[in-house]
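K.L.:
Okay, handing you the structure first.
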Amino acid sequence: MLEWNTDPFHGNLMLMGFLKSGRLDKAYQIFKRMPVKDLVSWNSMIAGAVRSSHLKEAMNIFSRLVSSGLVPDCFSFSSVLSACARAGARRYGVWVHHLMTELGVEMNHILSSALVDMYAKCGRIDVATEIFNKVKGNHISVWNTMISGLASHGLGSDVVILFHKMKSEELVPDGVTFVALLTACSRCGMVEEARHYFRSMTTEYSITPEVEHYGALVDTLSRAGLLDEAYELVMSMNVKPDVVIWRALLSACCRYHHTKLGEATIEHMACHGSGDYTLLSNIYSSANRWNDSEEVWKQRKQKKVRKTKGLSWVELGGSTHEFKAGDRSHPDTEDIYVVLHGLCRRAKVEGYAPLTELVTKDVSEEEREENLTFHSEKLAVAYSVLKTGPGTEIMVSKNLQICSDCHEWMKIISKVLCRVIILRDRVRFHRFESGWCSCKDYW
């Protein structure tokens, strides 16, 4: 039986041991039993929760740290800001920022980067830019974070301008800088720029391209429809292509209906996730090869690969509300569906036509349309309309990439409601306003 004393040293060692091995539950049991917890104890648990992707728990532990009377330090704030960034918890992130100001926390490059990252990933790239412009000192990590933030919002021209400003201040870019630059190029269709930056890595800065750099260039070429060039690049890489690279190519094969290359691509992939089966099934169904599409799903079931379910969420009234496709678990379900059906009717009047070809099952047109109607992001928007007043900005987060149908629907709904809708999906931000999207339909 372990005897506890007022010195948290031994308890902290146990915490770190469990957290290092990814056993957050065991660490939490130790944490609860510790009669005295110091800042190391709290910081270990917050960081451990973030690493384990228990983002809500990280924020809850931070709130308890503040209530305990201990004063959070730089490590506490950087960890919880990371949780806010990944969860898209803007309201909580703003509260953390205000707390830092109240406590007079001294800023450094770690905290500056964390704040810029949080605001950028929570949809406020304008605030992220303001913070960046006030940062004193020229630490490369802050610049990289700002470039990455602009890239995630599809602001390619701003990325290029910032990169030139960075060079004018005699800062030397590193490998992370070029990942961000190439990612911005892929988001904005800047093919020639991507080729230039990729070459300049080695010719100007003697940086050896790694798999992340190749991946971003492959993604740039694939999104632009240059599938043969992308495939040739993958086959000529100096490093072994990872699943992310093959997936970028497979996704483009689906978008551009390139069945033969899609089949070749998936043969190169050592392991297949649920999304890979979905993409290949979509490739077949778009070519009306229903039997092949069905065979792909059978293979997925035989190999017991679980499908990743689409999940969207909104932060309203201090709470996070989550929705799955066709979800009826929310207390306001009936009202949500009334609003959703009303929005769909208004969208059709404005010219919206469901992209039923996206539904991979060989079912009736009516069933296809119903399948599209109840996507999770549409439910999240309907709930936001139900609970907020006219003109209020709507912010939705999603764990997967938005589909083409929902993208078209969002554009029209933003026009119908005269509202800004910001959607953060797995890949980037989309800002819908007056019937347009910030991605300019290139995503």
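Bear in mind that the values in this text are calculations on the coordinates, not laboratory data. Treat the numbers as computed from the prediction; the structure is a model and nothing was measured. Heads up, the Cβs are rebuilt from the backbone with ideal geometry, glycines too, and the neighbour counts pull from every protein chain shown.
K.L.:
Over the chain, calculate the relative contact order: mean separation of alpha carbon pairs under 8 Å at least 6 apart, over the residue count, as a percent.
P.N.:
9
K.L.:
What does the C-alpha gyration tensor say about the overall shape of segment 286-362? Classify as rounded when a/c is under 1.5, otherwise prolate if a/b is larger than b/c, or oblate.
P.N.:
oblate
K.L.:
For segment 206-277 and segment 44-113, compute the distance between their C-alpha centroids and round to whole Å.
P.N.:
37
K.L.:
Also, quick follow-up: To the nearest 10 degrees, how steeply does helix 259-268 sit against the main Cα axis of the chain, on a 0 to 90 scale?
P.N.:
Once rounded, the angle reads 40 degrees.
K.L.:
List the GluC sites (Glu not before Pro) in segment 163-243 that DSSP assigns to loop (not H, G, I, E or B) and whose Cβ has at most 13 other Cβ atoms within 10 Å. Which are they?
P.N.:
Filter output for segment 163-243: 169, 170, 204.
K.L.:
Looking at the square roots a ≥ b ≥ c of the eigenvalues of the Cα gyration tensor of segment 70-145, which shape do they give, rounded for a/c under 1.5, prolate if a/b is larger than b/c, or oblate?
P.N.:
oblate
K.L.:
Of the beta bridges DSSP finds with both residues in the chain, what % are antiparallel, to the nearest 5?
P.N.:
80
K.L.:
Also: Run lengths n ≥ 4 of DSSP H only: what is the helix-derived mean residue ellipticity at 222 nm for the chain, with -39500 (n - 2.57) per run over all residues, to the nearest 500?
P.N.:
-19500 deg cm²/dmol
K.L.:
While we're here: Using the alpha carbons of segment 1-121, what is the convex hull volume per residue in cubic angstrom, as a whole number?
P.N.:
99
K.L.:
Additional query: What is the distance, in nm, between label points placed 7 Å from the Cα along the Cα-to-Cβ direction at residue 99 and at residue 392?
P.N.:
Inter-label distance under the simple model: 2.5 nm.
K.L.:
Go ahead and collect, in residue order, the members of segment 121-161 whose backbone nitrogen is under 12 Å from a label point 7 Å along the Cα-Cβ direction of residue 167.
P.N.:
What the label zone holds, given the 12 Å backbone N cut-off, is 160-161.
K.L.:
Identify all lysines with a Cα-Cα distance to residue 20 below 21 Å; exclude those on the same chain that are fewer than 8 residues away in sequence.
P.N.:
Once the sequence-local lysines are set aside, what remains near residue 20 is 32, 37, 56.
K.L.:
Another question, if that's okay. Over segment 240-398, what is the mean sequence separation of C-alpha contacts under 8 Å (at least six apart), divided by residue count, expressed as relative contact order in percent?
P.N.:
It rounds to 22 percent for segment 240-398.
K.L.:
Given R₀ = 51 Å, what would the calculated FRET efficiency be for residue 349 paired with residue 13, taking r from the Cβ atoms and rounding to 0.05?
P.N.:
According to the calculation, E is roughly 0.20.
K.L.:
Mind jotting down the three principal axis lengths of the chain based on Cα atoms? Whole angstrom, largest first.
P.N.:
69, 60, 49
K.L.:
Could you list the square roots of 5 times each eigenvalue of the Cα gyration tensor of segment 311-437, that is, the equivalent ellipsoid semi-axes, sorted largest first and rounded to whole Å?
P.N.:
20, 17, 15
K.L.:
Mind checking segment 113-221 for chymotrypsin sites (Phe, Trp or Tyr not before Pro) that DSSP puts in a loop (not H, G, I, E or B) and that have at most 16 other Cβ atoms within 10 Å?
P.N.:
205
K.L.:
In the structure shown, do any of 307/378; 304/348; 307/411; 303/324; 260/307; 240/378 have a Cα-Cα gap over 30 Å, and if so which?
P.N.:
Result: 304/348; 240/378 exceed 30 Å.
K.L.:
How much FRET efficiency would the formula 1/(1 + (r/R0)^6) give for residue 290 and residue 64, where r is the Cβ-Cβ distance and R0 is 56 Å, rounded to 0.05?
P.N.:
Step by step, r from the Cβ atoms, then E = 0.55.
K.L.:
On to the next question. Taking 0.36 nm per intervening residue step and subtracting the Cα-Cα distance, what contour gain separates residue 263 from residue 86 on full extension?
P.N.:
Gain on stretching residue 263 to residue 86: 60.4 nm.
K.L.:
What distance in nm lies between label points placed 7 Å from Cα along the C-beta direction at residue 126 and residue 26?
P.N.:
Between residue 126 and residue 26, the simple spin-label model gives 4.9 nm.
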